[in-house]
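Everything on this sheet refers to the single structure shown next.
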Amino acid sequence: MIQLEHYLYLSGLVFTLGLCGVMMRRNVILVLMGVEIMLNAANLALIAFNKYMLPIDGIVEPKGQVFVFFTIAVAAAEVAVALVIAVALFRRLDTVNVDDVANLRW
Amino acid sequence: MLDFMFIFFASLALLGGLLMAFHPNIVHSAFALVAALFGVAGLYWTLGADFLGATQVLLYVGGITVLLLFAVMLSTRDAARISIARYALMAPIVGLLGAFLVTTGKALVPIVRAAGGALGPTEPTTEKIGNLFMDPTAFMLPFEILAVLLLVVLVGAITLARRGEEDAA
């Protein structure tokens, strides 16, 4: 029987995979994909917790799902702006490698 | 049946995530991302979140991936390269974080379980979510702020994407 902890393990694993993508890949767009996967892992944990929440007066309000809806909307906004920045970066500097764009690093 | 669905969608999400992180070809990575996101949508359905599963498919699988692919086509010239030295450097960090997440999850389970909550029969959640959005005592203000945010993002993205005067000449 699948329980809450299975969802949490899976969420942690998927989050770690997203982190691998963010830290190991050097393409801006792939880093962005890693961020998306990490957001999804967090959303999964939120929904799983919501499912196993203590009911108040016998009903569980899907508040966790509302949070996830907000996360999805904000993530979509983030992707739109970030991709435009990636394209602008390529236009200006002719690269999408994050190591080549370290001007603001220190 | 639910167990089978969990295993199916979980492996879809994990395999998709693995391929996304490690495939050298960025377009293949993007398609692996589709699989991973669809797997997560399926997991939402196993948790009874029907509305969010549909939102996930529409927004992520349908919208964001297309945007990503367009950005790839507009920007990437050569196949993305991966450096092995970076793997070696990052492996302990990633491993530690994974261990931390699993430990935290394990620690949280008894707390949530003590709070009650068993898997009941699932019912549609769309109406409840809609009521929460339109309830002034619940999430109405965040919902309106979100609408403004999306407008700002639209305008901002168009402004950023326009070629500057020097490029147009």
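Of note:
- With 0.36 nm allotted per residue and the present C-alpha distance subtracted, the B:LEU97-B:LEU160 stretch has 19.2 nm of extension available.
- Counting charges near A:ILE85 (Lys, Arg +1; Asp, Glu -1) among other residues having Cβ under 14 Å from its Cβ returns a value of +2.
- For segment B:1-59, the C-alpha radius of gyration divided by 2.2 N^0.38 Å, with N the number of residues, is 1.15.
- Cβ-derived FRET efficiency at R0 35 Å, B:THR137 paired with A:MET1, nearest 0.05: 0.45
- Kirkwood hydrodynamic radius computed over chain A comes to 15.8 Å, based on all pairs of distinct alpha carbons.
- The angle separating the long axis of helix A:28-51 from the principal Cα axis of greatest extent in chain A is about 10 degrees.
- Distant alpha-carbon pairs in the protein assembly as shown (separation over 36 angstrom), percent: 19 percent
- Taking the centroid of alpha carbons for each part, segment A:6-38 and segment A:40-88 are 16 Å apart.
- Phi to ³J(HN,Hα) by Karplus 6.51 cos²θ - 1.76 cosθ + 1.60 over segment B:39-50, Hz, x for Gly, Pro: x, 5, 4, x, 5, 4, 5, 5, 8, x, 8, 5
Every number here is computed from the coordinates shown, using simple stated rules; none is lab data. Model, not experiment: these values are computed from the prediction. Reconstructed Cβ throughout: ideal geometry from the backbone, glycine too, with neighbour counts over all protein chains shown.
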